[in-house]
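Below is one structure; the comments refer to it alone.
The values are calculated or read from the model by the stated rules, or taken from the named source; none is laboratory data. Quantities reported herein were computed from a predicted structural model and do not represent experimental measurements. So basically every Cβ, Gly included, is an ideal-geometry build from the backbone, and we count neighbours across all protein chains shown. For accessibility, only protein heavy atoms count, side chains too; no ligands or nucleic acids. Shrake-Rupley method; radii C 1.70, N 1.55, O 1.52, S 1.80 Å.
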Amino acid sequence: MPQFFSNKRLIVLLVSIILLVALIGYSMSDRRSLTWPEQFMKDSVGWVQSTFNKPAHYVAGLFENLDEMRNLYEENRILKAHLDDYAQIAVEVNVLRRQNDQLKEALDIEESLFDHELKPALVIHRSPDRWNEFIGVNKGEQHGVEVDMAVITSKGLVGKVNNVSQFTSTVQLLTDHDRTNRISAMVDAEDTEVYGFIEGYDEQTGALMLRKIEADAKIEVGQTVITSGLGGIFPKGLLIGEVMSVEADEYGLTKNAYIEPSASFHNLDYVLIVKRGAPTIEAIMLNDGEGD
Amino acid sequence: MIRCLLPFFIFLLFIIEGTVFQVFSPDRFGSEAIIIPRFAFIFVIVITIFLGRTTGGIYAIVLGLFQDVIYTHVLGIYIFSMFFTAYLLGFTYKIFQKNLYLLIITAVFGTLVLDYLVYGIHFMVGITNLAHEQFLYERLLPSLVVNSVFMIIIAFPLRKFLLFLQKNDDVEEKINKRKKDFRWQR
């Protein structure tokens with residue numbers, strides 16, 4: 001065997017370690033809009049990935065359909081029972097919506113935090129080592145996707161857009177361990193709204209953590225948690241999940257709640273990217289700046 | 001021309017790792033275990049053993065770059081780990097080419113080293129705070145089993161193909177040498 005640590009090799013090893021540290025430092029800093037070579041690579045590979053993933057999703061969907069067929073009868077009965085209620089609720093919603101529109105008109109309110117438009121996207125990849133929880137979708141800057149937009153499935157919120165390139169973008173799921181992965185949320189309590197932040201994911205219970213809830217807030221198990229829209233980027237009212245349990249935090253100043261997410265993070269085929277209707281904070285600030 | 005098949009296969013496996021494999025991954029069916037496929041990297045290790053450290057190192061760097069840009073978003077982690085692992089295993093040539101079992105063991109050992117390196121760097125940088133025991137039982141051992149199965153399936157045909165390439169190289173070298181000698185003689 002040749003001598004491993006000859007002088008030349010040692011120097012190469014040291015230089016490469018220094019390069020490693022520099023590269024990691026560069027990419028962990030808050031630059032996070034992609035450079036154009038990265039965008040180019042992601043887009044061209046993304047195109048190949050989407051051609052691979054479409055048939056895969058189709059086959060997986062076939063299996064799931066077979067699985068669903070087994071309890072079709074039971075499900076149908078329950079749904080029929082729900083349908084009777086639905087007609088009544090639909091009428092009620094219509095009346096309320098009309099009333100709301102009239103009142104808004106009377107008060108000259110044009111936009112609310114609820115306004116949003118949806119953009120469907122196909123999931124094209126997921127990082128194979130699950131050190132980060134990122135998925136790629138096949139809609140990018142050219143389709144109007146921007147960084148930090150909310151991403152939902154039909155069942156609820158799953159994450160936010162982490163970075164965009166021209167034709168693809170990367171979504172950071174709520175289960176990612178990044179410290180900056182934080183979403184302003186609120187609990188729909190009896191007659192008030194209780195605010196907090198979705199921060200972190202508990203792997204043992206599979207629950208999201210809702211932190212920084214006021215200590216005297218009254219929260220009960222089973223109440224729904226939705227986005228608050230106060231973060232300035234997400235619209236209000238995207239479903240996140242249900243409260244599983246509540247406890248005081250380690251200092252006793254605030255409360256933490258465990259939230260059972262309503263969306264599944266495991267079988268993501270199609271997602272919806274949410275564009276907020278109300279102006280975001282940055283846009284307002286920019287306009288103010290121009291006005292001065 | 002036939003040499004272009006190698007990068008093509010590696011790229012194909014790299015794409016499959018992130019797309020088709022993830023659609024049918026075990027956690028979709030409610031399993032705790034996470035399988036990290038290292039199919040493309042197994043290819044790179046075998047290439048390093050057969051075609052030399054320089055060629056293998058280049059393959060490893062390019063594969064690492066792709067992995068970093070497309071999946072990890074932290075540049076450098078995979079470029080370094082893959083190059084380091086492949087280069088290290090490149091020292092074990094000659095005996096390992098002849099014996100199929102040794103080849104399989106080396107490649108699987110390579111995925112083990114790579115996973116530990118990547119885990120270590122992620123832990124050091126602070127992206128993950130997964131305990132070692134959890135890492136061992138939930139990620140390393142399941143993925144080790146799957147990667148070994150893949151390697152056992154692929155080992156024989158891949159070795160055949162690489163030996164064929166090596167032979168091609170030798171023949172070409174001989175022809176070139178003859179030509180040179182011939183010129184010298186004139």
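Taking the stated definitions as given, is B:Y116 part of a helix (DSSP H, G or I) and more than 8 Å from chain A (Cβ to nearest Cβ)?
Working: part of a helix (DSSP H, G or I): yes; more than 8 Å from chain A (Cβ to nearest Cβ): yes.
Judged against the criteria, B:Y116 is a match.
Given the residues B:I49, B:I15, which is the only one that is more than 26 Å from B:V125 (Cα to Cα), free of Cβ contacts under 8 Å to residues at least 12 places away in the same chain, out of contact with any strand residue (DSSP E or B) (no Cβ under 6 Å at 6 or more places or on another chain) and of a type in the set (A, V, I, L, M, F, W, C)? Write out each step before concluding.
Values: B:I49 fails: free of Cβ contacts under 8 Å to residues at least 12 places away in the same chain.
Within the list B:I49, B:I15, the selection yields B:I15.
Select, from A:N65, A:N94, the only residue that is surrounded by fewer than 11 Cβ atoms within 10 Å (Cβ to Cβ), under 30 Å from A:T168 (Cβ atoms) and either in contact (Cβ under 8 Å) with a residue 60 or more places away in the chain or away from chain B (no Cβ under 14 Å) (or both). Spell out how you get there, then give the answer.
On the way: A:N94 fails: under 30 Å from A:T168 (Cβ atoms).
None of the other options fit; the residue is A:N65.
Got a sec? Which of A:E92, A:E117, A:E111, A:E105 is assigned to a loop (DSSP other than H, G, I, E, B) and farther than 24 Å from B:D68 by Cβ? Explain how you work it out, then say what you get.
On the way: A:E92 fails: assigned to a loop (DSSP other than H, G, I, E, B); A:E117 fails: assigned to a loop (DSSP other than H, G, I, E, B); A:E105 fails: assigned to a loop (DSSP other than H, G, I, E, B).
Every option except A:E111 fails the conditions.
Can you give me the ranges of the helices (runs of 4 or more DSSP H) entirely in the stretch B:3-55 with at least 1 residues that are charged (D, E, K, R)?
Those helices (runs of 4 or more DSSP H) span B:5-18.
Residues to consider are A:A185, A:A217; find the one that is under 26 Å from A:N132 (Cα atoms) and either surrounded by 17 or more Cβ atoms within 10 Å (Cβ to Cβ) or modelled with pLDDT of 85 or more (or both).
On the way: A:A217 fails: under 26 Å from A:N132 (Cα atoms).
Of the residues listed, the single one that is under 26 Å from A:N132 (Cα atoms) and either surrounded by 17 or more Cβ atoms within 10 Å (Cβ to Cβ) or modelled with pLDDT of 85 or more (or both) is A:A185.
Name the one entry in A:Y195, A:Y201 that is out of contact with any Pro (no Cβ under 8 Å at 6 or more places or on another chain) and open to solvent by 80 Å² or more (accessible area, probe 1.4 Å). Step through it out loud before you land on a result.
Values: A:Y201 fails: open to solvent by 80 Å² or more (accessible area, probe 1.4 Å).
Result: A:Y195 is the single residue among A:Y195, A:Y201 that is out of contact with any Pro (no Cβ under 8 Å at 6 or more places or on another chain) and open to solvent by 80 Å² or more (accessible area, probe 1.4 Å).
Which condition breaks for A:Q142 when tested against (1) crowded, with 19+ Cβ neighbours inside 10 Å; (2) free of Cβ contacts under 8 Å to residues at least 60 places away in the same chain; (3) not aliphatic (A, V, I, L, M)?
For A:Q142, the failing item is (1).
(1) away from chain A (no Cβ under 14 Å); (2) at pLDDT 90 or above: which one isn't true of B:K177, the others all being true?
For B:K177, the exception is condition (2).
Only one residue in A:T170, A:T180, A:T175 is farther than 21 Å from A:Q49 by Cβ, open to solvent by less than 20 Å² (accessible area, probe 1.4 Å) and under 16 Å from the mean Cα position of the chain (by Cα). Which one?
On the way: A:T170 fails: farther than 21 Å from A:Q49 by Cβ; A:T180 fails: open to solvent by less than 20 Å² (accessible area, probe 1.4 Å).
Unique residue meeting the criteria: A:T175.
Within the stretch A:11-25, track down each residue that is open to solvent by 30 Å² or more (accessible area, probe 1.4 Å), of a type outside the set (G, A, S) and modelled with pLDDT of 85 or more.
If the condition is that a residue be open to solvent by 30 Å² or more (accessible area, probe 1.4 Å), of a type outside the set (G, A, S) and modelled with pLDDT of 85 or more, then A:I11, A:L14, A:V15, A:I17, A:I18, A:L19, A:V21, A:L23 are the ones that fit.
I'd like the full set of residues that are within 14 Å of chain A (Cβ to nearest Cβ) and modelled with pLDDT of 90 or more, limited to the stretch B:138-166. So that I can check it myself, show each step before the final result.
First, pick out the residues of the stretch B:138-166 that are within 14 Å of chain A (Cβ to nearest Cβ): B:138-140, B:142-144, B:146-147, B:150.
B:L140, B:P142, B:S143, B:L144, B:V146, B:N147, B:F150, listed by residue number.
Given (1) within 29 Å of the chain's Cα centre (by Cα); (2) without any contact (Cβ under 8 Å) to a residue 24 or more places away in the chain; (3) over 23 Å from B:Q67 (Cβ atoms), identify the lone condition not met by A:K80.
Failed condition: (1).
Can you tell me which residues in the stretch B:56-100 are at the interface with chain A (Cβ under 10 Å from one of its Cβ atoms), assigned to a helix (DSSP H, G or I) and open to solvent by less than 10 Å² (accessible area, probe 1.4 Å)?
B:Q67, B:D68, B:V69, B:I70, B:Y71, B:T72, B:I77, B:Y78, B:S81
What are the residues in the stretch A:26-61 that are open to solvent by 90 Å² or more (accessible area, probe 1.4 Å) and part of a helix (DSSP H, G or I), if any?
Result: A:Y26, A:W36, A:F40, A:W47, A:K54, A:Y58.
Identify all residues within the stretch B:18-52 that are facing chain A (nearest Cβ under 9 Å) and closer than 19 Å to A:G61 by Cα; write none if there are none.
If the condition is that a residue be facing chain A (nearest Cβ under 9 Å) and closer than 19 Å to A:G61 by Cα, then B:G18, B:T19, B:V20, B:F21, B:Q22, B:V23, B:F24, B:S25, B:D27, B:R28, B:F29, B:G30 are the ones that fit.
For the stretch A:240-253, what are the residues that are touching a residue at least 24 places away in the same chain (Cβ under 8 Å) and open to solvent by 40 Å² or more (accessible area, probe 1.4 Å)?
A:M244, A:S245, A:V246, A:A248, A:G252, A:L253 - these are the residues of the stretch A:240-253 that are touching a residue at least 24 places away in the same chain (Cβ under 8 Å) and open to solvent by 40 Å² or more (accessible area, probe 1.4 Å).
Which one of these does B:M124 not meet: (1) surrounded by 14 or more Cβ atoms within 10 Å (Cβ to Cβ); (2) closer than 24 Å to B:Y87 by Cβ?
That leaves (1) as the condition not met.
Tell me, yes or no, whether the stretch A:232-239 has at least one residue that is buried (at least 17 other Cβ atoms within 10 Å of the Cβ) and among the β-branched types (V, I, T).
The answer is yes, given that some residue of the stretch A:232-239 is buried (at least 17 other Cβ atoms within 10 Å of the Cβ) and among the β-branched types (V, I, T).
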